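Notes follow the structure.
The values are calculated or read from the model by the stated rules, or taken from the named source; none is laboratory data. What you are looking at is a predicted structure, and each value in this text was computed from that prediction instead of being measured. Every residue, glycine among them, receives a Cβ derived from its backbone with ideal geometry; neighbour counts consider all protein chains shown.
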Amino acid sequence: MSTSTGEAIQFWILAVVAVLGAIGTVSMKKAVHSALSLAGTMIVLAVFYLAQGAYFLGVVQIVVYTGAIMMLFLFVVMLVGITAADSLKETIKGQRWAAALCGLGFGILLIAGLANASLHSFAGLGAANSGGNVEGLARLIFTTYVWAFELTGALLITAAVGAMVLTHRERTQRAATQRELSEQRVREGAQVTPLPAPGVYARHNAVDIPGLLPDGTASELTVNPTLRARGQIRDVSGERLAQLAELEQRSENWLERDEHERDGGHRANGVNSANGSNGGGQ
Amino acid sequence: MSSFPLLTVTAVVPAVGAIATAAVPAARRTAAKWLALAFSLATLVLAGVIAARFTPGGARYQLSESHAWIADFGVRYELGVDGIAVVLIGLTALLVPFVMLAGWHDADVLEEHRPNRNWRPTQGFFALILLVEAMVVIAFESTDVFLFYIFFEAMLIPMYFLIGGFGDRAGAHSEDEQAKQRSYAAVKFLLYNLLGGLIMLAAVIGLYVVTAHQLGHGTFSLPQILQARAAGQLHMSTTAERWIFLGFFFAFAVKAPLWPLHTWLPNAMGEATAPVAVLITAVVDKVGTFAMLRYCLQLFPNASNWATPVILVLSLISIVYGALLAVGQRDIKRLVAYASISHFGFIILGIFAMTSQGQSGAALYMVNHGVSTAAWLLVAGFLISRRGSRLITDFGGVQKVAPLLAGTFLVGSLAILSLPGLGPFVSEFLVLVGTFTRYPVLGVIATFAIVLAALYVLVLYQRTMTGPVKAGIESMKDLRLRELVVAGPLIALLIFLGVYPKPVTNYINPAVKDTLSDVHKTDPAPQINAVAKETAK
Amino acid sequence: MNPVNYLYLAALLFTIGGAGVMIRRNAIIVFMCVELMLNACNLAFVTFARLHGNLDGQIFAFFTMVVAAAEVVVGLAIIVTFFRSRHSASVDDASLMKL
Amino acid sequence: MDHLIGALVGAPLLGAGILLTGGRRLDRTGHWIGCLLSAASFVIGALLFADMLGKSGSARTMTSHLFSWVPVAGFQANVSFQLDQLSMTFVLLITGVGTLIHIYSVGYMEQDENRRRFFGYLNLFLAAMLLLVLADNYLLLYMGWEGVGLASYLLIGFWQHKPSAATAAKKAFIVNRVGDMGLSIAIMVMFATFGSFSFGPVFSHATSASQAKLTVIGLLLLLGACGKSAQVPLQSWLGDAMEGPTPVSALIHAATMVTAGVYLITRSSAIFNAAPAAQLAVTVVGAVTLLFGAIVGCAKDDIKKALAGSTMSQIGYMILAAGLGPIGYVFAIMHLITHGFFKAGLFLGAGSVMHGMNDEVDMRKFGGLRKFMPVTYVTFGLAYLAIIGFPGLSGYWSKDKIIEAAFAKGGTDGWILGGVALLGAGITAFYMTRVMLMTFFGEKRWVPDADGHEPHPHEAPRTMTIPMIILAFGSVFAGGLFSLNSSFLHWLEPVTGHTEGHSPVSTVLIQAATLVVLALGLGLAWVQYGRQAVPAVAPRGSLLTRAARRDLLQDDFNHVALVKPGEYLTRGLVYLDHSVVDGVVNGTAASVGGLSGRMRRLQNGYVRSYAVSMLGGTAVLVAATLLMRGV
């Protein structure tokens, strides 16, 4: 007995997607990308479940896995942020080779094993699912596997409690008040005033565009260090200065002035530009 | 078969003693010593009771006790003694009190600096000695191979601590150098014997497999196995029997020790205090030779006969080699150790000569070697502790300042060179005759050793005791009362065993007879049986 | 087509996941790879269920999911605490051994 | 009566026990206890002797079984005694001379603070020696045999603070051990052959054993005899043994112990008679030693060593006689007895001389002592006449018979042996005369001893002189009495058997020859030491003389042939044991350690590499399962 052609087509297409997703999970540099490709793979798997008559699992796969668990992953990714761990450079000697060897060997063995397993005929789930897939599962869960089910309950509770215990931090002393914090900041000689806002002289004041100092260089303080670490800063001061120079040129051509006036005018321009920048900032 | 578990009690008493001694509070160490001594004496009494209740020539294993233990593996808690075991239990129980008396102050060195409040080296020392005694006794008593194996191995643990923890401080080196050598010796002792034990374990399992195959139910019980073989239910295949035999023999040869597995003994005996050294060579090592006689020969008769030539040669090498090296030693205790190696060679030679003289001689030799070495080495220990050195060259003219010490030492020495009239002569001559009747050449070669023995013993005596008084000897004290109490009875015993060994041979002979019948051997008959003709007339 | 292909796929995914566990240093990604392996197993279970025509395989997959959920919760919590204490999410930094 | 035999051994043993364990409180009376108990044993011996004379024929052999010593299957050794004429002869000699020497020692050892111990050892020796001659089986004999060895060890090394004494004692014991080895192997062969080593069974079936076996046994017994009786090649210890106190030299190394070899051979006559080859060996050993000892005796200036040499040669005579078989046994024993008297007398005399001369032993520092110690002079002189075989005195009777017997052996070897014996008689006359002259005649050559005390020669105390006088009587009349209608012969014949030897030349001729060589030796000695003065320092002397002074290089030979190689061997073995036998073990340990050091690297603490190994392991398992399914 064989499956429908439709399923075959679906399989061959989605299988490729699943594998690509899996490879992506392993090989993407950034955790977020890995997470997304994993999510992709999981959705594909969900489809496969549905295709194989595991309707309940298919749905659960999407809701629980792709929904809840992957979101949890993403939370943690955000929480942890960017780390040196993301680099793909190998640090343990010979690890790559060993991994490759074991991985290949294992995979080959598995596939060989499957190959010479006699699985040519298969009994579909028609009979099993006759009373509905969910009911079938339910019957089994609450009869044969009820004890295991109860245990999973206990397991989940334990896991929840465990997670809380692990992540919970006991506050040893009273939280510092605003006042104390500010005093401490002054004592340490740290930045007392709030950080300067980004985007001065910018075409728009987005968080990823640093503010400029009067001499036109970008200020480190105006952008989030995480963005900087991720290399997600758009540094636009260069083009902006070019625009200024061009504007001056045009004004010179436009109203001929004496040399001395031009100097004054030039100075005035500088001042104006400074004011303008302030204005633009607000 | 009496209802009262005499054998168990005999083994348990010293064990309890060990616990009690260890429990004595740190401040009361003298009390601990006396307590330990009391327990060892109680054990001696019990050993006497065993000897009294045992009827020589009666059933092969008497006073037996048998309880299922690990039923799934056919392991039983089975005790029972034959004549040889009785004698050796007696020897152990007899020597331990002397060892304790001799080592009365051995642990005091460690008392000086007490790292913490309940620092109790003295209690530990005596408790360990009692523990060794308990284990040795039960090893002699057990007739279940597995039970025997357990204690055969377990006795390494207390011995390890006795060697490594309470070594003597008379070495020629600095304090920490000594500590290094002590631990080296202790570890060497442990590793050698563990190796032997593990190989034996494999053999033990092999035995179980074989019995399980052939009898349907695996068993370790010596009587059951013998019975099954007698009934013809058990036929080990030749190869299996040989391999298992080798596994057993290797362990026993290490323990015994047989050349070339002997090198742990000189280190161990050199670094341990004299009493502990006596415990090693006179008590613990006897388990090895005893086990050869009980397990190797009785369980694997054919394999024993198969291996006999090699073993005889090895033992012969041990005899001559040990004696020659003893001549070459500069350290008194190492000399004793090599002498012991030579003597163990004699014991093994006697066992595998497969004649009643040889084996009775070997069994008797175990006793005599125990007593004589104890007498010799304990006195040597007194000597060493006085001078604070083990090097022969540090002594000289002791006889002038401490005649009693010299005298007792001389008697011990004469016993070691097996002078007629002292115990060892009888056994050594029996071994030689027993060997000669079957293997004349080996017998003759072995006899050369009596000259070598005279050489190393007398050279040692001459260098240490005679001649002008050396520096550091002048103020040497003669034996104290405690030390006389150690040396005197041992010497008396040596003389008794030398003049009237009959009481002991009465126990030994029947057992030997059974063993010989196990290996299907009979004494070679003389060409002309003069005695028979005389009686015929 | 024979459902066995699903099994081949599962084997492939499992192997890839395993490789990821061995290669990646970022604890989170390693963890994801573990999830991938679990999913591969699930796929296999479901397929077997279909092959044998009973639902026990699916039950198993179901339990796997539950366990996976629990495991993820605890695992991520561990990662977070680890990150707090070490300011790193690298599994290699967990090694305190001197070589 | 028989049970008294045990008491014979017991009395001195008791004495030894008391004296050696008694402690200082016995220092005052110890020596008298010793004398008393040895005397007691002599008295018992005498009673038994009387009893024995009362009986007749085979009834004279008494036995007494005390207890079973070592019973193991076929190997039955008993502590049981057998007292026949031969043993009785020895018993009387041992206890008699022994008692005399005990008494002598009371005076001689007066100054020694360890006198009690000395008497303890003497008693121990008596007990062992009596055990030796009374045993009814070889193993018990062996016990006595080694017992006397021990006693001799203790007594030679009695002054242990003297390194020379300690060394000599050790040497004596070890050389003896070589001999004992022979004896013990002989016992083993007997057991293997006859299934017993008791005199009765062995002797009664000796003839039915194979020739080869008997020869082996005989040679081994001879080896034992050589060790104990200081015969070539095991003679080297006797000279050094003179380090011991003089009474010891007199009792053990002249009168009794060293003659044990002769006893052994005579006792084993049944075996030797059946093994001619062994007998020949015995005679050869005897003849060689006879000359060897005599030559050594000629060269020594130390009076005791000269006497030791003479002892060696006299025992050579006895062994020679014993080797001649039934024609010689009786005379061997007879010479043994007479020798016991006169040699003990000579040694005691020497002792008394030393006693007077501040323990000086070098004869070149004596001279002219006859005026100062008359008793010593007379007794020593009589003993001297006896030993050189002056007609009518003891030595004459016994030695002459041996020479005749040697000729009577017949054939060329008869001639050779006889000639040797004759020559020996001449040399004996020479060296004994030399000793006599150098000690008692000529002018004084005294020198102060190490501490500068001028020697004041004086007669020894009663306790010392009386034994000397008694022994002198013995050495004068014993021989004569024995030969009186050959009573001694008839006395011993039942045990040793006797056949009259027929010498190719008439006995008269032999006696004449003996007297001639005697006269020659005497004359020569007179020419050399009597007529001209004795130089105070020994002249260089001929090659032979120098060799003889070094005991004919025997020690040098032993040193080169045995001691040195032995030392190298042991050193080599010690090295071997440490580097090879132990090295192998430590090497293995080290390599294992290195390996584990490498394995350690695998445990690097990286989760990921653990993951690798896990997956690898799984892979292996999967592979294994697949293969399993495959096959």
### Query
Name the helices (runs of 4 or more DSSP H) wholly within region D:485-604 that hold at least 3 residues that are of a type in the set (Val, Ile, Thr) and touching a residue at least 40 places away in the same chain (Cβ under 8 Å)?
D:507-525
### Residue list for region D:417-444, restricted to those being in contact with an Asp or Glu (Cβ under 9 Å, 6 or more places away or on another chain) and more than 12 Å from D:Ala294 (Cβ to Cβ)
D:Gly418, D:Met438
#### Entry: Candidates C:Asn54, C:Asn39, filtered to the one that is among the polar types (S, T, N, Q), at the interface with chain A (Cβ under 7 Å from one of its Cβ atoms) and surrounded by fewer than 23 Cβ atoms within 10 Å (Cβ to Cβ)
C:Asn54
### Query
Which helices (runs of 4 or more DSSP H) sit wholly inside region B:358-448 and have at least 3 residues that are touching a helix residue (DSSP H, G or I) at 6+ places or on another chain (Cβ under 8 Å) and under 25 Å from B:Phe290 (Cα atoms)?
B:403-416, B:423-438
### Task
Using the structure shown, decide if B:Val426 is in contact (Cβ under 8 Å) with a residue 60 or more places away in the chain and within 24 Å of the chain's Cα centre (by Cα).
yes
### Message
Suppose we keep only residues that are within 12 Å of chain D (Cβ to nearest Cβ) and either outside any helix (DSSP H, G or I) or among the aromatic types (Phe, Trp, Tyr) (or both) within region B:449-471. Which one would you say is nearest to B:Phe352 (Cα to Cα)?
### Response
B:Tyr456
### Task
Filter region C:15-30 for residues that are surrounded by fewer than 24 Cβ atoms within 10 Å (Cβ to Cβ) and more than 7 Å from chain A (Cβ to nearest Cβ) and give the result.
none
### Query
Which one of the conditions (1) closer than 28 Å to B:Leu460 by Cα; (2) in contact (Cβ under 8 Å) with a residue 40 or more places away in the chain; (3) assigned to a helix (DSSP H, G or I); (4) within 11 Å of chain B (Cβ to nearest Cβ) does D:Gly200 fail to meet, given that it meets all the rest?
(1)
### Query
Quick check: anything in region A:82-100 assigned to a loop (DSSP other than H, G, I, E, B), surrounded by 12 or more Cβ atoms within 10 Å (Cβ to Cβ) and more than 9 Å from chain C (Cβ to nearest Cβ)?
yes
### Task
Could you please let me know if A:Ser4 is free of Cβ contacts under 8 Å to residues at least 24 places away in the same chain, facing another protein chain (nearest Cβ under 8 Å) and of a type in the set (Gly, Ala, Ser)?
no
#### Entry: Hits in region B:382-405 - residues which are of a type outside the set (D, E, K, R), within 13 Å of chain D (Cβ to nearest Cβ) and either within 23 Å of B:His343 (Cα to Cα) or surrounded by fewer than 21 Cβ atoms within 10 Å (Cβ to Cβ) (or both)
B:Val401, B:Pro403, B:Leu404
### Query
Can you tell me which residues in region B:33-55 are polar (S, T, N, Q), in a helix (DSSP H, G or I) and either without any contact (Cβ under 8 Å) to a residue 12 or more places away in the chain or more than 11 Å from B:Gly90 (Cα to Cα) (or both)?
B:Ser40
### Query
For the subset of region A:102-127 comprising residues that are among the hydrophobic types (A, V, I, L, M, F, W, C) and exposed (fewer than 13 other Cβ atoms within 10 Å of the Cβ), which member is farthest from D:Val620 (Cα to Cα)?
A:Ala127
### Task
State whether the residues of region B:294-311 include one that is closer than 30 Å to B:Gly167 by Cβ and assigned to a helix (DSSP H, G or I).
no
### Task
Report yes if D:Gly381 is of a type outside the set (S, T, N, Q), modelled with pLDDT under 85 and either more than 17 Å from D:Arg445 (Cα to Cα) or surrounded by fewer than 24 Cβ atoms within 10 Å (Cβ to Cβ) (or both), otherwise no.
no
### Task
Quickly run through region D:112-166 and pick out the residues that are more than 13 Å from chain B (Cβ to nearest Cβ) and modelled with pLDDT under 90.
D:Asp112, D:Arg115
### Query
Can you name the residue in region C:73-92 that is more than 7 Å from chain A (Cβ to nearest Cβ) and surrounded by 18 or more Cβ atoms within 10 Å (Cβ to Cβ) and is also farthest from the chain's Cα centre (by Cα) among such residues?
C:Phe82
### Message
Just to check your reading of the model, which residue among D:Leu86, D:Leu66, D:Leu122 is part of a helix (DSSP H, G or I), closer than 18 Å to D:Asp2 by Cβ and not hydroxyl-bearing (Ser, Thr, Tyr)?
### Response
D:Leu86
### Message
I want to confirm something. Restricting to region D:604-631 and keeping residues that are at the interface with another protein chain (Cβ under 7 Å from one of its Cβ atoms) and of a type in the set (S, T, N, Q), which single residue is nearest to the chain's Cα centre (by Cα)?
### Response
D:Asn604
### Summary
Filtering helices (runs of 4 or more DSSP H) wholly in region B:472-537 for at least 3 residues that are in contact (Cβ under 8 Å) with a residue 40 or more places away in the chain and out of contact with any Ser or Thr (no Cβ under 6 Å at 6 or more places or on another chain) gives B:481-499, B:502-518
### Task
Determine which member of the set A:Ile111, A:Ile69 is in a helix (DSSP H, G or I), facing chain C (nearest Cβ under 8 Å), more than 30 Å from C:Val80 (Cβ to Cβ) and at pLDDT 80 or above.
A:Ile111
### Query
Out of D:Thr463, D:Thr499, which single residue is of a type in the set (Val, Ile, Thr) and over 30 Å from D:Gly107 (Cα atoms)?
D:Thr499
## Note on the structure
Residues of region D:316-352 being hydroxyl-bearing (Ser, Thr, Tyr) and under 22 Å from D:Val232 (Cα atoms), in sequence order, are D:Tyr317, D:Tyr329
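Condition check ((1) out of contact with any Ser or Thr (no Cβ under 7 Å at 6 or more places or on another chain); (2) surrounded by fewer than 24 Cβ atoms within 10 Å (Cβ to Cβ); (3) touching a residue at least 60 places away in the same chain (Cβ under 8 Å)) across all residues:
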site	(1), (2), (3)
D:Pro71	no, yes, no
D:Phe81	no, no, yes
D:Val91	yes, no, yes
D:Gly107	no, yes, yes
D:Ala172	no, no, yes
### Task
Would you mind stating whether B:Val327 is away from chain D (no Cβ under 14 Å) and hydrophobic (A, V, I, L, M, F, W, C)?
no
### Task
Might you let me know whether region B:69-80 holds any residue that is under 27 Å from B:Asp168 (Cβ atoms), crowded, with 17+ Cβ neighbours inside 10 Å and in contact with a Phe, Trp or Tyr (Cβ under 9 Å, 6 or more places away or on another chain)?
no
### Evaluation of B:Val254 against (1) assigned to a helix (DSSP H, G or I); (2) within 14 Å of chain D (Cβ to nearest Cβ); (3) closer than 27 Å to B:Leu455 by Cβ (one fails), failing number
(3)
### Message
Take C:Ala70 and tell me if it is assigned to a helix (DSSP H, G or I), within 7 Å of another protein chain (Cβ to nearest Cβ) and in contact with a Cys (Cβ under 9 Å, 6 or more places away or on another chain).
### Response
no
